[in-house]
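No value in this document is a laboratory result; all are computed from the given coordinates. Keep in mind the model is a prediction, meaning the values are calculated, not measured. Cβ: placed from backbone, ideal geometry, glycine included. Neighbour counts: every protein chain shown.
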Amino acid sequence: MKISIRGKIFLAFAIFIGLSALVWARSYYSQYVLNQKIQIIERKYDLFNSILEARRYEKNYFLSFDRKNIEEALDYVHQAEEILRDILAKYSKYTLAKNLDERVAELVAYKESLKSLMKLDEGYLVVPQNAIDSIRNQGRILTDELEKIVKKESKFTQDLIGKSRMIHLIALIPVFILSVVVALFLIFNVNRPLKIIGEAITKISIGDFKSIPEIKSGDEFESLVDSLNNMISELNNRSKQLVQAQKLASLGRLTSGVAHELNNPLNNISTSIQILVEEWDDADMGYKKKLLAGAEKEVERSKEIVKSLLEFARERSLTLKEINFRALVNTAVEHVKSEIPKNINLIVEVPEDIKATIGVRIKNVLINLIINAAHAMKDGGDITVKAYKQNEKNGFCFQVIDTGMGIPKDIISKIFDPFFTTKEVGAGSGLGLSIVYGIMEQHGGNISVSSEIGKGTTFTCFLPFDQQE
């Protein structure tokens, strides 16, 4: 029969509470009995001391024959009798000596003998020896018996204290064992499955859809793992379908983009050739040269499109070396300076101490972003290249900031898509930012954009200081 995890925990704690209750009850009973024994010993010591005092006054009488000693002895005997009867009334169940009634009879007989001694003292000048011997004998027997009772009770109490300590120790052993068992149960039946499930969920969150190892616990965790594995299997299937759909969609966009970009120059070339064929006999050579020059220009445009497409699709390995980033920025600025209009100021705010192991293609990223910024600033303005360290991420950021027209919100999410461009036909392939995005990902970095209409655009790139090839 399978027991739920809730049932297992409830059962474990019920056993723990039951065992603890038994230990507590046994401990409470031992302490109660021990307390009774201690009170009995105290009362018996009072009894024994009272008898000893009575015997002392008895001996003093036989030395001085002073009647006051007999009266004192009788007072102590009376106290002893009260103590003994109190012990019988309250503690007879817990006292070891079961013949205390005999001690009461002896004590009463001793008291009567002392009273008789006082009467003899009134009628005789000298107390008879047989009366003296009888009283002494009674007192000695009573004292010896009470001393034995007190010693026996004391020894038993000491043994009881030792046994009680041992019982407490023995009683704690099963509690300790049960505690260890419960701890092991929680570790292996609760903590371990939760850890496995937690690690699996973390992997799922980063896209690792591997099945969770089976847990044979016979409780909710086993059902949960089965459900999670079913979910992971379904996610795998859905992921494959999604990847396939994305591939088809990307292929469709790519095909559409290539067709669109190549269609215009091919149409222009075709139109020029048709005119030449139709007007071949025309004597106007200048017009013919103009048509051929236009066709050649469209061929060059087609070659640039194909070149950009090859650049976009090419898988390049990273060639890494340690580079001073300020020097790399200066090189990129020199490369594009001739393409920047005079009404645009190019500002570089890059510290000298940023060094990183990166690929030389990062220069292409800078060039592309600066040229794009310049194209967005027809009325002039400032282009600023900034950089700063992010030591907590073990890397640095660089930004290309322009004061141009900005990017509308409805198209800013599309700017990294292949063949997407806002430029006029023939002014660009729409692959530049897609290539930039790929280069940043290849370097283990990322790129983001923020823009405000009429105020400008900021491209922010992050790169780690060190990376593997």
Going by C-beta contacts inside 10 Å, put TYR29, TYR110, TYR437 in order with the fewest on the left.
-> TYR29, TYR437, TYR110
Peptides 36-42, 360-366, 196-202 ordered by average Cβ neighbours within 10 Å, highest first = 360-366, 36-42, 196-202
So for ASP46, ASP410, fewest C-beta neighbours within 10 Å to most, what's the order?
-> ASP410, ASP46
Ratio of Rg to Rh for the range 315-464, alpha carbon only, Kirkwood?
-> 0.94
Taking the Cβ of each residue in MET285, MET118 as the centre, tally the other Cβ atoms inside 10 Å and list the residues starting with the fewest.
-> MET285, MET118
Given the candidates SER154, ILE173, LEU142, the one whose Cα lies deepest towards the positive end of the charge dipole of the range 5-188, counting +1 at each Lys or Arg C-beta and -1 at each Asp or Glu C-beta, is ILE173
Fully extended, how many nm does the chain gain between ASN230 and ASN130 (0.36 nm per residue separation, minus their Cα-Cα distance)?
-> 25.2 nm
Within straight cross-link reach of LYS297, meaning Cα distance under 16 Å, which aspartates and glutamates are found once same-chain residues fewer than 8 apart are removed?
-> GLU261
Ordered by packing density, taken as the mean number of other Cβ atoms within 10 Å over each peptide's residues, highest first, how do 324-333, 71-80 rank?
-> 71-80, 324-333
Within the set LYS59/LYS151; LYS203/LYS321; LYS303/LYS455, which residue pairs have Cα atoms separated by over 28 Å?
-> LYS203/LYS321; LYS303/LYS455
Hz values of 3J(HN,Hα) by residue in the range 335-340 - Karplus curve (6.51, -1.76, 1.60), Gly and Pro given as x | 5, 9, 4, 5, 9, 8
May I ask which residue of PRO408, ASN324, ILE435 lies farthest towards the positive end of the charge dipole of the range 315-464, with charges of +1 (Lys, Arg) and -1 (Asp, Glu) on Cβ and the Cα centre as origin?
-> ASN324
